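Colleague: Got a structure here, written out as structure tokens. Questions coming.
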Amino acid sequence: MTKPLRVALAGLGTVGGGVIRLIDANRELIARRAGRPIEVVAVSARDRAKDRGVDISRFTWVDDTAALANHAEADVVVELVGGSDGPALALARATLAAGKGFVTANKAMMAHHGLELAEAAEAKGTALKFEAAVAGGVPVIKSLREGAAANEIGRVYGILNGTCNFILSKMEAEGRGFDEVLAEAQALGYAEADPSFDIDGVDAAHKLSILASLAFGTRPAFGQVEVTGIRHVIAADIAEAAALGFRVRLVGIAEAGAHGLFQRVHPHLVPLDHPLAHVVGSTNAVVAEGNYVGRLLFQGAGAGDGPTASAVVADLIDIARGEFGPPYAMPAASLNELPVADSGERRGRAYLRFTVPDKVGVLAEIAAAMRDAGVSIESLIQRGAAEDGSVLVAIVTHEVQERAVAQALEKLRGSQSVAGQPMWMPLLGG
């Protein structure tokens, strides 16, 4: 009988339990596709007694997660603990140092330490796989690393966080406010008790930095991602976008060119004729643009036990077959380190929203700030007064440098005519 691939599993939460259930349910099919059986032999988690809905008594229990790296019966370690540092990173380092394959769903760790881990895996000639770190069960990493490997990728972008997309599309469909929909997302389990990582764009930024490295052959550069989340998007923004023929989506976008590497996560107005405008709920979608293959769209469930477990086990099947190469599609030593592109040089149309008092001269002051910064206004909408006497002013600009828009907003900062923080959102082009 062909020797099985023996797996040590760290973390028995939603995804860890899903991995076990998937291997149990599709055992014969997986063995046929992998060329040999895949078996979990050891597990580790914080609470041995917790009921996880799967039988873990058949596996060796290991109290010290880090000890899985040197478990005598394990050929590969799967890490589903989470966190950019701490036990997850210690386990990754120890596993690769021992020359064993390592599979992870940990986007934070790969965003912060991916280059180090790739170098360690290559030095030992072993596998480092992380398909589940981006877009759950959507095979976007494998597609960029292998399927589109012959192409020069000009741009990669998409909806990378299901929690934010659930909130925005729910606000859009029902006309409700951000706080109310966030509370519902938490009640349904789409958002954590502390949702900051999701709604402030950090989770999407982790994923974007991984995609950018794979797409452009650059070193992972999470620290260079410009990040703005959705916390300040209000129902009126959603309504104005709809009136203009757009939908609001949190989009991560990365481009590499002569001026350096640009990476940003920010709410965008997406035109209705663009595929991303029709991605609703907790779905993820990624677009990659290759010079020969054209536009590729990857879409599907970005989280959950089934989709994420599917990606983890797909990585295990590759390892069982002996199919693995450099984690970032090319040797770590050949990954470029590009300068940060100046986002102020970018050109495009923009949506601006102000909350202002209902009095004479306010619109003139806003228009003057735009004029002085060289921002041409395509359309301006003023909505009726609220109970507090304030009105909403929404502007769409003609194509302009982002630096000019920033200068206009700076001119209005601290003005008695503007209440609170203005909202700026670029219009997604292409």
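Taken together, the values in this text are just the output of simple stated rules run on the coordinates, not laboratory data. Values in this document were obtained by computation on a predicted structure and should not be read as measured data. Heads up, the Cβs are rebuilt from the backbone with ideal geometry, glycines too, and the neighbour counts pull from every protein chain shown.
Colleague: Return, for the Cα atoms of segment 272-393, the radius of gyration and Dmax in Å, separated by a comma.
Modeller: Over segment 272-393's Cα set, Rg and Dmax evaluate to 24.1, 72 Å.
Colleague: Can you tell me, using C-alpha contacts under 8 Å and at least 6 residues apart, the relative contact order of the chain as a whole percent?
Modeller: Once divided by the residue count of the chain, the mean separation gives 16 percent.
Colleague: While we're looking at this one, here's another question. Please identify, among 370, 171, 110, the residue showing maximal mean-square fluctuation in a Gaussian network model of the chain using a 10 angstrom Cα cutoff.
Modeller: Greatest mean-square fluctuation among the candidates belongs to 370.
Colleague: With a ≥ b ≥ c taken as the square roots of the eigenvalues of the C-alpha gyration tensor of segment 241-344, please select rounded if a/c is under 1.5 and otherwise prolate if a/b is larger than b/c or oblate if it is not?
Modeller: The shape class here is oblate.
Colleague: Still on this structure: For the chain, what proportion of DSSP beta bridges, expressed in % and rounded to the nearest 5, is antiparallel?
Modeller: That works out to approximately 70 percent antiparallel.
Colleague: Amide H of residue 75: which non-local residues (sequence gap of 5 or more, or other chain) have their own amide H closer than 5 Å, using H built in the peptide plane?
Modeller: Under 5 Å from the amide H of residue 75 lie the amide H atoms of 6, 7, 8, each far enough along the sequence or on another chain.
Colleague: Assuming R0 = 22 Å, what is the FRET efficiency of residue 192 and residue 85, from their Cβ-Cβ distance, to the nearest 0.05?
Modeller: Given R0 = 22 Å and the Cβ-Cβ separation, E is 0.70.
Colleague: Compute the label zone of residue 236 within segment 259-301: residues whose backbone N is under 13 Å from the point 7 Å along Cα-to-Cβ.
Modeller: Counting only backbone N, you get no residues.
Colleague: Now a separate question. Determine, for 14, 2, 95, 104, the number of other Cβ atoms within 10 Å of each Cβ, and report the residues in order from fewest to most.
Modeller: Ranked by crowding around the Cβ, least crowded first: 2, 14, 104, 95.
Colleague: Mind checking the dipole of segment 345-426: about its Cα centre, +1 per Lys or Arg Cβ, -1 per Asp or Glu Cβ, Debye to the nearest 20?
Modeller: 160
Colleague: Expressed as an acute angle from 0 to 90° and rounded to the nearest 10, what is the orientation of the C-alpha long axis of helix 305-321 relative to the principal long axis of the chain?
Modeller: 50
Colleague: Taking neighbour counts of Cβ atoms within 10 Å as a proxy for exposure, in what order, fewest first, do 292, 351 appear?
Modeller: Lowest to highest Cβ neighbour count: 292, 351.
Colleague: Moving to a separate point now. Output wanted: per-residue J couplings in Hz (rounded whole) for segment 350-359, from phi through Karplus 6.51 cos²θ - 1.76 cosθ + 1.60, θ = phi - 60°, x for Gly and Pro.
Modeller: Couplings: 9, 9, 10, 10, 10, 10, 9, x, 7, 8 Hz.
Colleague: Considering just Cα atoms, how many Å³ per residue does the convex hull of segment 336-391 enclose?
Modeller: Given the Cα convex hull of segment 336-391, per-residue volume reads 123 Å³.
Colleague: Just the Cα atoms of the chain, one point each, no solvent: what log10 I(q)/I(0) does Debye give at q = 0.08, 0.09 Å⁻¹?
Modeller: Cα-only, vacuum Debye calculation for the chain: -0.49, -0.61.
Colleague: Let me ask something else about it. Under a 5 Å amide H to amide H cut-off, with H placed in plane at 1.01 Å, what residues pair with residue 377 once short-range neighbours are removed?
Modeller: Distant-sequence amide H within range of residue 377: 398.
Colleague: Could you tell me the calculated FRET efficiency between residue 419 and residue 146, based on Cβ-Cβ distance and R0 = 56 angstrom, to the nearest 0.05?
Modeller: Efficiency computed from Cβ-Cβ geometry: 0.60.
Colleague: What is the extension gain from residue 406 to residue 32, computed as 0.36 nm multiplied by their sequence separation minus the C-alpha to C-alpha distance, in nm to one decimal?
Modeller: Full-extension gain reported as 128.9 nm.
Colleague: Could you run the Debye sum over the Cα atoms of segment 345-426, one equal point scatterer each and no solvent, and tell me log10 of I(q)/I(0) at q = 0.15, 0.19, 0.20, 0.25 Å⁻¹, two decimals?
Modeller: Each listed q maps to, in turn, -0.47, -0.75, -0.83, -1.27.
Colleague: Moving to a separate point now. For residue 273, project a label point 7 Å along Cα to C-beta. Then give me every residue of segment 220-244 with its amide nitrogen under 18 Å of that point.
Modeller: Once the point is set 7 Å along Cα→Cβ of residue 273, 242-244 turn out to lie under 18 Å by backbone N, inside segment 220-244.
Colleague: From the Cα gyration tensor of segment 1-126, with a ≥ b ≥ c the square roots of its eigenvalues, which class applies: rounded if a/c is under 1.5, or else prolate if a/b is larger than b/c, or else oblate?
Modeller: oblate
Colleague: Right, next: How large is ³J(HN,Hα) for each residue in segment 112-126, as worked out from phi by the Karplus curve 6.51 cos²θ - 1.76 cosθ + 1.60 (θ = phi - 60°), to whole Hz, x for Gly and Pro?
Modeller: After applying 6.51 cos²θ - 1.76 cosθ + 1.60, I find 8, 10, x, 5, 4, 5, 4, 4, 5, 5, 5, 5, 9, x, 10 Hz.
Colleague: With r defined as the distance between the Cβ atoms of residue 60 and residue 346 and R0 fixed at 51 Å, what FRET efficiency is calculated, to the nearest 0.05?
Modeller: Using R0 = 51 Å, I get an efficiency of 0.40.
Colleague: Follow-up. Nothing charged except the Cβ atoms of Lys and Arg (+1) and of Asp and Glu (-1): what's the magnitude of the dipole of the chain about its Cα centre? Round to the nearest 20 debye.
Modeller: 820
Colleague: To the nearest 10 degrees, how steep is helix 14-25 against the longest Cα principal axis of the chain, on a 0 to 90 scale?
Modeller: 50
Colleague: Let a ≥ b ≥ c be the square roots of the eigenvalues of the Cα gyration tensor of segment 200-286; is it rounded (a/c under 1.5), or, if not, prolate (a/b larger than b/c) or oblate?
Modeller: Prolate shape, in that a/c is at least 1.5 and a/b is the bigger ratio.
Colleague: While we're on this one: How large are Rg and Dmax for segment 258-307 when calculated on the C-alpha trace, in angstrom?
Modeller: Looking at segment 258-307, its Cα Rg and Dmax stand at 13.6, 41 Å.
Colleague: In the chain, if the dipole is taken from +1 on Lys/Arg beta carbons and -1 on Asp/Glu beta carbons about the Cα centre, which of 69, 409, 108 is farthest to the positive end?
Modeller: 69
Colleague: Sticking with this structure for a sec: What's the Cα-based Rg to Rh of segment 102-254, Rh via Kirkwood?
Modeller: 1.03
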